[in-house]
Amino acid sequence: MNKLDAQRQKEIQQAEELLFAGPQAVGFAKGLFQGHFVADWVMPYPRIPAAQQIELDETLRELRQFLDEHLDPAEIDRQADIPREVIDGLGRVGVLGMTAPKEYGGRGFSQMANCKVLEEIGRRCASTSVFVNAHHSIGIRALLLFGTHEQKQQWLPKLSSGEQLGSFALTEKEAGSDAANVQMQARPSEDGSHFILNGEKRYITNAAIAHELTVMARTPVPGSDKTAITAFLVTPDMPGFEILEARMPKMGIRGTATGRFALHDVKVPKENILGTMGKGLKVALTVLDFGRTTFGACCTGAAKTCLELAVQHANTRKQFNKTLGNFELVKKKIARITADAYAMEAMTTVTASLIDRGLEDYMIETAMLKVFTTERLWECINDVFQIYGGSAYFVDLPLERMMRDARINQIGEGANEVLTSFIALVGMRGPGMEFKEIYDTMMKPSRDRMSKAWAAGKNRLGATIRVPDVPVQSDELRAHARQLGRLIWRFNVAVNRALITYREPILDMQLVQERIANAAMDLFASTCVLSRLDSEIQFARRNGDAAPPDHSAADLFLRQSFRRIRGFLGALTDNEDKSVLAAAKSSLAKPPS
Ligand SMILES: Cc1cc2nc3c(=O)[nH]c(=O)nc-3n(C[C@H](O)[C@H](O)[C@H](O)COP(=O)(O)OP(=O)(O)OC[C@H]3O[C@@H](n4cnc5c(N)ncnc54)[C@H](O)[C@@H]3O)c2cc1C
């Protein structure tokens, strides 16, 4: 086996182990790739239960008051620090332990409610929202999800109140996007009572201010010469823990402390393992699912700020004797921000509800949410920047800071390119396996294979002859619902065609994967928007409201999204990929002059 094949085998083995642990309910995204509309996960639009909504409203009121009085995002950016009073205040409001169970000092909020809290913070200050995410969404998440009762009892109360802070340490020099390539070593002691950790981590948010760090390191696999990743709970008071750089100077989210640290023969008790030994990669990826969900919420908040700023300026700044809002090219930008902010909120809410409702595998949905919202937010900021013209460039307005802050979103917690490829490949795995079954049976028929191939063939064929039903309740949305159903059908046909045409090489064809992932993301976003709008119309009707809710943002989003989907699918056969690859090859081969 050559080196490339061996690497591919390793990747496939890792993916199999991580993603396909056993039989699971088909989620929304996996359903899409099979040509189905799994309505139960997305319709009706999820709502926070009334009792928790009351608690959430009270928390949001308290949070807003605290942030109005104490949060100064410009000063945080200038000083490159979030004042301790702000962290303490967030702790008092409950933000730092929002989803931790009440018995461990948390607020016991659902992900949906937590996302509303993060949206509020993301609306005001990206440094603060990233800090909260680093502590709560990912820093203490492994403890929350995989910790034993004893571990939770010992650590969570102080972490939930904010008296202590958490951090999540996966990234290393050689393990960035390639997270499985962690090199930090954890060697068991001879008596088996502890592990001895050695190595370095970099780009870790909260590293130098955290009291508890979830650290990924390699442990030996018993009975073999292999190693696997294990999650450890490490504290900075352990001898051998060294902060190499507490606050790496950086362009945006400057208030966060992004650091580097080294572990030199650090003894970590075996009781500090989080989850199962050797299953740390699964722990890390599950933790990141939560981070990506609150990423969506923070981006939604920031997009709403973009809208507010855009409207304010467009209604006041005059040129050519008119306010800017009179010009169609300004209107177009404002309309798009409005539509995108509506969609981002809907998508965040639906994704968070999947976690709350106990869907086992929501990896594709959280990846779609992360990529979609971070890309849309970047566009929103770019648009509002343009509307402000020269004034946006100066530091007395928040726009240059917002732009600097937002740039990390497309890179952190999984670079968007890596996640785009992941969405397409994991999504296509289901139909791909069915085609493989059919192909293998044709090549080597057997009785056992025939029945499996027959089932696979029926499934594939069924999806290609049936346009899925998108069940909306409001008559005025039936045309949109029918269009969405047809696009899902077209998407399924396109996925099938790509799998049949390219077979295994599709694993490396990222230009094809990108179009498939982009179409899937817009299908998911449109579904969330349609579901939200349907529920708003129904709610207004039940309330006896005289005027129907304003549909314009949702309507625009659906039209633009449907157009994009048609474009992505069309480009699968009408593209200039060969030229793209040739031009890249030529440049990559040239030695730098
Ligand atoms: C401010 C900040 C805070 C951070 N906080 C944390 C933290 O708290 N904890 C933590 O563990 N990590 C943290 N990180 C690390 C972050 O998650 C990584 O930077 C990210 O995963 C990318 O890794 P990398 O920087 O090594 O980039 P690389 O892996 O070198 O990738 C560089 C670029 O190459 C491209 N690329 C890479 N692989 C592929 C591929 N397979 N296909 C196509 N394109 C590809 C992408 O465009 C990518 O952006 C933080 C980073 C920053 C900048």
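The values are calculated or read from the model by the stated rules, or taken from the named source; none is laboratory data. Because the structure is predicted, anything quoted here is derived from the model rather than measured. Because the Cβ atoms are built from the backbone with ideal geometry, glycine has one as well, and the counts that use them run over all protein chains shown. Just the protein is used for accessible areas: all its heavy atoms, side chains included, with ligands, DNA and RNA removed. Shrake-Rupley method; radii C 1.70, N 1.55, O 1.52, S 1.80 Å.
I'd like the residue in segment 127-181 that is in contact (Cβ under 8 Å) with a residue 60 or more places away in the chain, over 18 Å from A207 (Cα atoms) and out of contact with any strand residue (DSSP E or B) (no Cβ under 9 Å at 6 or more places or on another chain) and, out of all such residues, is farthest from the ligand (Cβ to nearest atom). Across segment 127-181, the extreme among qualifying residues is E150. If you check A217 against the conditions, is it away from the ligand (no atom under 16 Å from the Cβ), farther than 30 Å from R84 by Cα and open to solvent by less than 10 Å² (accessible area, probe 1.4 Å)? Spelling it out, it is not the case that A217 is away from the ligand (no atom under 16 Å from the Cβ), farther than 30 Å from R84 by Cα and open to solvent by less than 10 Å² (accessible area, probe 1.4 Å).
Candidates in segment 542-589 are the residues that are among the β-branched types (V, I, T) and assigned to a helix (DSSP H, G or I); of these, the one that is farthest from M344 (Cα to Cα) is V580. Residues that are small (G, A, S), part of a helix (DSSP H, G or I) and touching a strand residue (DSSP E or B) at 6+ places or on another chain (Cβ under 6 Å) were ranked within segment 237-296; the one that is nearest to S110 (Cα to Cα) is A284. Against the conditions (1) among the small types (G, A, S); (2) modelled with pLDDT under 95; (3) more than 30 Å from I334 (Cα to Cα), A547 satisfies every one except (3).
From the list G275, G255, G291, the one residue that fits, being of a type in the set (G, A, S), buried (at least 17 other Cβ atoms within 10 Å of the Cβ) and at positive phi, is G275. In segment 414-444, the qualifying residues are those that are over 16 Å from the mean Cα position of the chain (by Cα), more than 11 Å from the ligand (Cβ to nearest atom) and among the hydrophobic types (A, V, I, L, M, F, W, C), and the one that is nearest to L369 (Cα to Cα) is M428. Within segment 542-565, residues that are open to solvent by less than 60 Å² (accessible area, probe 1.4 Å) sit with their Cβ atoms under 7 Å from residues that are of a type in the set (F, W, Y), at 6+ positions apart or across chains, in these pairs: A553/Y342; A554/Y342; F557/Y342. Residues that are under 21 Å from the mean Cα position of the chain (by Cα) and within 21 Å of T258 (Cα to Cα): does segment 145-157 have at least one? No; the residues of segment 145-157 include none that is under 21 Å from the mean Cα position of the chain (by Cα) and within 21 Å of T258 (Cα to Cα). Being at pLDDT 95 or above, open to solvent by less than 20 Å² (accessible area, probe 1.4 Å), farther than 30 Å from K250 by Cβ and assigned to a helix (DSSP H, G or I) is true for just one of I364, I387. Which residue is that? Going through I364, I387 in turn, the sole match is I364. Out of T316, T300, T338, T349, one residue alone is under 27 Å from R64 (Cα atoms), open to solvent by 30 Å² or more (accessible area, probe 1.4 Å) and under 22 Å from the mean Cα position of the chain (by Cα). It is T338.
None of L263, L369 is over 22 Å from the mean Cα position of the chain (by Cα), open to solvent by less than 30 Å² (accessible area, probe 1.4 Å) and of a type outside the set (D, E, K, R) except L263.
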